Amino acid sequence: MKVLRLRVFLLLMVEAAAGNRLVAQTVSDSLLLPEVVITERYADREIRSTAPLHILSGKTIRNLQALQLSDAVKHFPGVTVKDYGGIGGLKTVSVRSLGAGHTAVNYNGIAVTDVQTGQIDIGRFSLDNVENITLYNGQNDQIFMPARAFALASALNIQSVEPLFTDDEKVNGKAAVKGGSFGLFNPSFLMNLKLSDKLTGSFSGEWMSAGGAYPYLLHYGEAGTDSTSTERRVNSDVKNLRLETALQACLSERSKGSVRFYYYQSERGLPGATIYYNTANFSSQRLWDRNFFTQGHFEHTFSRQWAVQAHGKYNRSYLRYLDPTWLGATGKIEDVFTQQETYTSLSALYRAFERLSFSAAADLTAAAMQSDRERFATPTRLTFQSVIAAKWVSEQFLTTASLLYTQTVESARYGEPAENRNKMSPYISASFKPSVDLDLRLRAFYKNSFRLPTFNDLYYPLVGMRQLLPEDASQFNAGVTFNSTAGEVIPLVTVTADAYHNRIKNKIVAYPTGNLHQWTMMNFGLVTVNGLDISLESALNITGTVHLLFGATYTFQRAMDKTDPGKSTYNHQLPYTPRHSGSTRASLETVWFNIAYTLLWSGERFSNAYNSDVYRLSGYSDHSISVAKSLPTPLGVMQLSVEALNLTGRNYEIVRNYPMPGRSYRMKLSINF
Amino acid sequence: MKNFFFYLTMFSVLLLTACADVNDPVGDDDLLPKEAKRLLILNEGGMGHNNSTLVSYDLSSGTTDKDYFRTVNKRGLGDTGNDMLKYGSKLYIAVNVSGTIEVIDAASGKSIRQIPMKTEGGASKEPRQLASYNGKVYVTSFDDTVTRIDTATLMIDGTVAVGQDPEGIAIRNNRIYVANSGGLNWANGYDNSVSVVDVTTFREEKKIVVGVNPGVVRIDSQGDTYVSVTGDYNTNPGGFRKIDAGTGAVVTIAGIDAPGKFVMADNKAYIINGSYGNPYSVVVFDCLSEQIVTESFITDGTTVNIMHSISVDAFSGDVFITETDYITPGTLRCFDINGKLKYTLPAVGINPSVVVFL
């Protein structure tokens, strides 16, 4: 029901903004306002896109038994989530083996950044308040975007639920509480307010805590005959708090704006690897995070030809690390790192002709980092990005091209700053529909992008290298998408298949320089990736009231070290990259209850760049199931769901020596008011 | 011929120690080095990866078991096996991150006892290097101690505090010499001393300043103690130092600027010399004549990028040099006494550290 409401609402908004009815919506939608596409079926965007994009809608996410963003992201094809296990365990995403630094994570349209490490822990985002998440390979077909949105090899977009009101409704919202195994307690609250006809506001808050002391079977070898012992994860507790408020203003038919305030804090233990004979006391390390940002967006449509928008963000983050059992003279290691980032962006869209449009954007980012360490480099980085882009659309043909220019200005309080860089990043993509009648499209894209060295890469004491070059990524993709319906019974079948070839040059790696305590960052190595992503989505109307939704993905990846033919690792598969992996989800919707099943699976991997038996990690499969029931109450619709996760109970490892929890249960009660 | 002094050394050590302990497990086997039939190679593995391995390599058949300890004992060795010592019929392996001393029957590879090396709080003491003397095995640990293990009972029977983060250990004439590296205290300038511990009282007698970040300690047959000083990779360079047996004076041996691990055989020190960006070489130093025999032991042009460890077979004089990149499995190369490559064992394990000859 809510989806329908959303569509109607947005269509109305679009009509108002555009001033006329959108007849040829498939042609012109994204030329007018990027948001319009939300009104379409998600599958439409997935098949029309010139570069692979995959969407998980809020409804699908709720059927995934997903607590954290990382849980849902594992269902995208081509994605490898490095998951160290447990709620507090680090989770980073690598798309098509490019590495975490090549994927942007955007929250409501603006990038979440960490200039210290370059990688975002996607475990910290809960899915409680999420309308949809989208994975873009290459980039979005919408060219009316900030310059920064053109920069990286792929992007993961998180979109919060926007406030929607029926008729004379002034307040609505949702309250929920989740509980489960290993001490999970997760209450959340969301309230939307209609402040006036032009102004809406929302507030949401969430607490999540977990003891995380899950039992696991420790294997003292990969062979079946090797001994095992039953252990319990220690120092795996986590406490998170998220507070968020947003204001959305529809100032006129042509102008709208929004502002958002976000605060997040967490305290967690870092349980470390399950070290043989030392599981109980290996790690007492703790991590404290605090993050605050405020971001805003304003957009004005002058005419059918012209639109402009502005984005801005101010971000502060604080990280404290403590190892209280360090054997060095100080008896502990304690580090505090702080970061600030100020970001502004201006972009303009010019719709020159019916089918051809252009855009330009200019972004300025100022980032700084401090540490409590003496004589820490204390670096700052100014990044100027500008882009020009073009897009041509017809019923059968869609093409986009863009050229991004990036200039950095680096400085440091102590020592030499890193070298300034300037680079051009080209992108071109196209899709073609050979037949008017058949919903089949061929598509291809090429993108050359890079990731800048992080402040850790450049300035980490003893390790950092200030002369590092950016890490360069080239992507070639060719694919086919197909969409069909087979009458009333099968209203939807969508298939996408993409083959790709990636080359990563000047990889930034930590390289030893003489002994185990002395490493330095270097540009070293060449990696090529050949892969195939396939996704399938289908719906089946079993009866008028019983529906089955089904989705599956398959990924093949051959990610090879091509650095040096003389090295023992030449042509070996990158560590932790399965050749075969995939996912399946199915949900059965009836008027009484919904049942959802998900499967994640992976073939074998290697924990070392040298692929031999000693470093072989066996494959795994993770089956989960949930049952949900909705009840109308005088207060609103109440929903109760029960989830059973990892049904086989095996403590499989995504990262060696970091076992995942075995079978566990969660229960959730929510009420929409 | 070349081994003559070595035999003499061995005899004198045995004469000094043979009557000390009736339970001394040193058997007839160890009176003289004999021809090795099998190599056991310890690989440290990568820290946090539980992948320290012991490799068994049969010299006549070429049969290799790259995970010998696990094959025999149905469990892995643990995390970061730093050092291995053969004493009597047993092998002692210091497993750093796991915090254990694994005591193994050398002939069968079976673990006899796993000695926990934990602090009061339960964390690992981080055992580093081993030495034997008079029926005891001594272990340096990064909790600034030396632990004494009775080799008859295989129980810890004493602990003594030394300097910061002790690494190398050597024992002679009832004195234990321990290199206090201060390696964990790198941010504040390391340690710079060698602790001298009396075997009988098991108390630290004194500290001798030798230079910033000392690593390995060995003693020649005359009682002179040699220390490789690593330096701080910054303003304080490394150097090869001698503590004179008679005067106790610390002397720098010229011509060896970046010494790392070294072993002593036949009163010759085989020293890995090199650092990042400078080619590694093995310098051979004659401890009796106190002259450098050669600055580059390898004579056939074989290059080794990063030399990680060195071992010498006392019987044959063969020198085993391991190469590492710290990430992927390293290579073991065997050179004859003239520095010519005899054979290579590629991808033997991550960070190959010690070779023992059986």
Practice task
For segment B:98-129, enumerate the residues that are within 19 Å of the chain's Cα centre (by Cα), in a loop (DSSP other than H, G, I, E, B) and under 16 Å from B:LEU154 (Cα atoms).
Solution key: B:GLY99, B:ALA106, B:MET117
Problem - Single condition B:ALA187 does not satisfy, out of (1) open to solvent by 20 Å² or more (accessible area, probe 1.4 Å); (2) aliphatic (A, V, I, L, M); (3) touching a residue at least 12 places away in the same chain (Cβ under 8 Å) - result: (3)
Practice task
Taking only segment A:290-334 into account, find how many residues are farther than 29 Å from A:MET145 by Cβ and either away from every other protein chain (no Cβ under 14 Å) or under 28 Å from the mean Cα position of the chain (by Cα) (or both).
Solution key: 6
Problem - Subset of segment A:115-162 [part of a strand (DSSP E or B) and aromatic (Phe, Trp, Tyr)] - result: A:TYR136
Practice task
Please indicate, with yes or no, whether at least one residue in segment A:469-479 is away from chain B (no Cβ under 14 Å), open to solvent by 40 Å² or more (accessible area, probe 1.4 Å) and closer than 24 Å to A:GLN339 by Cα.
Solution key: yes
Practice task
For segment A:85-98, indicate whether the set of residues that are of a type in the set (A, V, I, L, M), surrounded by fewer than 24 Cβ atoms within 10 Å (Cβ to Cβ), modelled with pLDDT under 95 and within 11 Å of the chain's Cα centre (by Cα) is non-empty.
Solution key: no
Handout entry: Top-ranked residue of segment A:202-238 - restricted to ones that are among the β-branched types (Val, Ile, Thr) and within 14 Å of chain B (Cβ to nearest Cβ), ranked as surrounded by the most Cβ atoms within 10 Å (Cβ to Cβ)
Key = A:VAL234
Completion exercise
Subset of segment B:70-103, residues more than 8 Å from chain A (Cβ to nearest Cβ), among the small types (Gly, Ala, Ser) and at positive phi, comes to B:GLY88
Exercise for the section: Would you check if there is a residue in segment A:606-616 being part of a strand (DSSP E or B), away from chain B (no Cβ under 14 Å) and more than 22 Å from the chain's Cα centre (by Cα)? Expected result: no
Problem - Among (1) open to solvent by 20 Å² or more (accessible area, probe 1.4 Å); (2) at pLDDT 95 or above - the single one A:PHE353 does not satisfy - result: (2)
Practice task
Residues being within 8 Å of another protein chain (Cβ to nearest Cβ) and in a strand (DSSP E or B): count how many of those fall in segment B:42-69.
Solution key: 1
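Results for (1) open to solvent by less than 50 Å² (accessible area, probe 1.4 Å); (2) assigned to a strand (DSSP E or B); (3) small (Gly, Ala, Ser), shown as yes or no for each residue.
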site: B:TYR233; (1), (2), (3): no, no, no
site: B:PHE240; (1), (2), (3): yes, yes, no
site: B:VAL251; (1), (2), (3): no, yes, no
site: B:PRO279; (1), (2), (3): no, yes, no
Practice task
For segment B:315-332, name all the residues that are part of a loop (DSSP other than H, G, I, E, B) and open to solvent by 20 Å² or more (accessible area, probe 1.4 Å).
Solution key: B:PHE315, B:SER316, B:ASP325, B:ILE327
Exercise for the section: Take A:GLY328 and decide whether it is outside any strand (DSSP E or B) and small (Gly, Ala, Ser). Expected result: yes
Practice task
Identify, from the list A:LEU247, A:LEU322, A:LEU243, the residue that is more than 28 Å from A:LEU364 (Cα to Cα), out of contact with any Cys (no Cβ under 8 Å at 6 or more places or on another chain) and either open to solvent by 40 Å² or more (accessible area, probe 1.4 Å) or in a strand (DSSP E or B) (or both).
Solution key: A:LEU322
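Hey, among A:GLY531, A:GLY525, which residue is over 30 Å from A:GLN370 (Cβ atoms), open to solvent by less than 30 Å² (accessible area, probe 1.4 Å) and within 22 Å of the chain's Cα centre (by Cα)?
Going through A:GLY531, A:GLY525 in turn, the sole match is A:GLY531.
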Practice task
Could you run through segment B:340-351 and say how many residues are crowded, with 21+ Cβ neighbours inside 10 Å and under 21 Å from B:ASP300 (Cβ atoms)?
Solution key: 2
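The values are calculated or read from the model by the stated rules, or taken from the named source; none is laboratory data. Remember, predicted model here, so these are calculated numbers, not experimental data. Here the Cβ is made from the backbone with ideal geometry for all residues, glycine too, and neighbour counts use every protein chain on show. Side chains included, ligands, DNA and RNA excluded: accessible areas come from the protein's heavy atoms. Shrake-Rupley method; radii C 1.70, N 1.55, O 1.52, S 1.80 Å.
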